[in-house]
Amino acid sequence: MSTEDAIVVDSVTKLFKIYHERNQSVKGTVLRGGRSRYEEFAAVKDVSFTVPKGSTFGLIGSNGSGKSTLLKCIARILEPNQGAISTHGRLAAMLEVGSGFHSELSGRDNIYLNGSILGMSRREVDSKIDRIIDFAGVERFIDTPVKNYSSGMYVRLGFSVAIHTEPDILVVDEVLSVGDAEFQAKSRAKFDELKAQGTTIVLVSHNNSLVRSFCDQLAWLEKGDLRQIGGVEEVLEAFQGPAKSKVAAELPTSTGAATIDSVSVVGSDGGARESIEADEPVQLRMRITAHEDVCDPVFTITVKSDRGGPVYRVNSRDLGWTTSALKAGRAVLNLPMLSLPLGAGDYVIDGDVREHRSKIPAAMIERDGAFSVESGPYNSNRTLLQLPTKFILDSA
Ligand SMILES: Nc1ncnc2c1ncn2[C@@H]1O[C@H](COP(=O)(O)OP(=O)(O)O)[C@@H](O)[C@H]1O
Ligand SMILES: [Mg+2]
């Protein structure tokens, strides 16, 4: 390893076992004479690269391409089956939401626990705890068990602990996209500061603007293979070229009569929002450019969980609202709502507009307007809906 390199990944392969038996109980295994049938599957295949000290290295690739697995190998949470990884300096990692946190312990106790896992002494944590809490913005809930935290609060606290260890190498998975707009701005500023101090950063992100502003080198993983490594623009283009054309081939084509410029969630101040509270009034907004008149247009907006299917769909015709034409030119469609009572998490929006009875939309947009819902500390993160109610207990 050259003294100029912070990380050397040398021919790393990481295998996972996929078990075929439906019944993986101890009893089942014993009955088969201790054997269980499995297949080995390579999540990362013979990957090599080096990260020079003080540089920022980005990893991109579709879901399941092995990015998180590779980061876990770098952070020594997983052991490669073949190859080796050497790292130089103190390493802090920010991987999955809540990893390394103990749900029954308070935020404060978790700072000590996490700090010690990341190599900080109790005294070091003592001297930094106020800054850690302040950066995470969780003062009010610091003595509440973290199981009551929203995913945004988890991420903010985890990231805050990680950066305050003043690591030489910081490894960050895409979790940071969970935070709200203000926290994202704060983390970007922190990345700048760390970069300026010479911290080596390895990051996975779907956010092109983040990747563009921070990464010196980009690697593209696909199904465990390192497809390309190089400058940011060059690799982004190679990655997005095929990805885009593949998506286009799979989607029903639109007639091209119009273009949906964006769909977004807008706050009461009229600005597009990346983060909302579940109980605040918002509007869903679609901006459209019609290249010709679209007769009897039917508008559909679908809010989808980033991890799953549709959560809420609204269609103008089902609501009984019609208009004779969407005139050629620009238009903006607003749907005011008292609130969007979703569970804490990440969401995206699809939209389409089509002539009534037409199978092919005049225009459509997918996975636009990404936003997250922050919830209070006492709301569950685990459901997609938060409906206002109260408990009334009477003896009967
Ligand atoms: N612990 C595990 N056991 C078995 N398979 C796993 C495990 N962790 C990840 N995988 C699989 O490895 C592949 C790569 O996963 P991951 O590294 O999480 O991808 P990415 O972060 O790029 O979305 C996926 O197919 C995933 O299902
Ligand atoms: Mg991942």
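Only Cα pairs within less than 10 Å get springs; with that Gaussian network setup on the chain, which residue of VAL171, VAL47, VAL161 has the largest fluctuation?
VAL47
Using a Förster distance of 51 angstrom, determine the FRET efficiency expected from the C-beta separation of THR3 and ALA272, and round it to 0.05. Write out the running numbers ahead of the final one.
Details: r = 47 Å, r/R0 = 0.91.
With R0 = 51 Å, the Cβ-Cβ based efficiency is 0.65.
Between GLU233 and THR389, what length comes free when the chain is fully extended (0.36 nm per residue of separation minus the Cα-Cα distance, one decimal in nm)? Walk me through the numbers before you get to the answer.
Numbers: separation 156, 0.36 × 156 = 56.16 nm, distance 4.99 nm.
Working it through step by step, the gained length comes to 51.2 nm.
May I ask you to give the average projected area over all directions of the convex hull of the Cα atoms of region 100-180, in nm² rounded to one decimal?
4.9
Report, in deg cm²/dmol and to the nearest 500, the calculated mean residue ellipticity at 222 nm for the chain, where each DSSP H run with n ≥ 4 adds -39500 (n - 2.57) and the sum is divided by the residue count. Don't skip to the answer; put the middle values down first.
Details: 8 runs with 96 residues, N = 396.
My calculation for the chain gives -7500 deg cm²/dmol from helical runs alone.
Accessible area, 1.4 Å probe, largest first: how do TYR38, TYR112, TYR312 sort? If you can, show how the numbers build up before the last one.
Details: TYR38 105, TYR112 40, TYR312 75 Å².
My answer, sorted largest first, is TYR38, TYR312, TYR112.
From largest to smallest, what semi-axes in whole angstrom does region 283-327 give when each is the square root of 5 times an eigenvalue of its alpha carbon gyration tensor?
Values: eigenvalues 114, 35, 13 Å².
After diagonalising the Cα gyration tensor, the semi-axes are 24, 13, 8 Å.
What number comes out for the charge environment of ILE260, summing +1 per Lys or Arg and -1 per Asp or Glu over other residues with Cβ under 9 Å away? Don't skip to the answer; put the middle values down first.
Details: positive: ARG287; negative: ASP261, ASP352, ASP368.
Taking every Cβ under 9 Å from that of ILE260, the sum is -2.
If I histogram all Cα-Cα distances within region 5-247 using bins 5 Å wide from 0, what percent of pairs lands in each bin?
The distribution over region 5-247 is 1, 6, 13, 16, 17, 15, 12, 9, 6, 3, 1, 0, given as percents.
When the Cα centres of region 62-78 and region 333-361 are compared, how far apart do they sit, in Å?
So the separation of the two Cα centres works out to 34 Å.
Could you give the nm distance between label points at GLU104 and THR322, where each point is 7 Å from its Cα heading toward the beta carbon?
Calculated label separation equals 6.2 nm.
Can you give the Rg to Rh ratio for region 258-374, taking only C-alpha atoms and Rh from Kirkwood? Could you put the intermediate results ahead of the total?
Numbers: Rg = 14.0 Å, Rh = 14.4 Å.
Ratio of gyration radius to Kirkwood radius: 0.97.
Just the accessible area per residue of the chain, please: how many Å² with a 1.4 Å probe?
Working: 20760 Å² over 396 residues.
With the other protein chains kept in place, the chain gives 52 Å² per residue.
What is the distance in Å between the Cα centroid of region 96-117 and that of region 126-178?
Here the two parts' Cα centres lie 9 Å apart.
With every atom except the alpha carbons ignored, what do you get for Rg and Dmax of region 43-159, in angstroms?
16.3, 47
The values are calculated or read from the model by the stated rules, or taken from the named source; none is laboratory data. Keep in mind it's a predicted model, so treat the numbers as computed, not measured. Don't worry about glycine lacking a Cβ; one is built from the backbone with ideal geometry, like all the others, and counts go over all protein chains shown. Quick note on the areas: whole protein, heavy atoms, side chains included, nothing else; ligands and nucleic acids left out. Shrake-Rupley method; radii C 1.70, N 1.55, O 1.52, S 1.80 Å.
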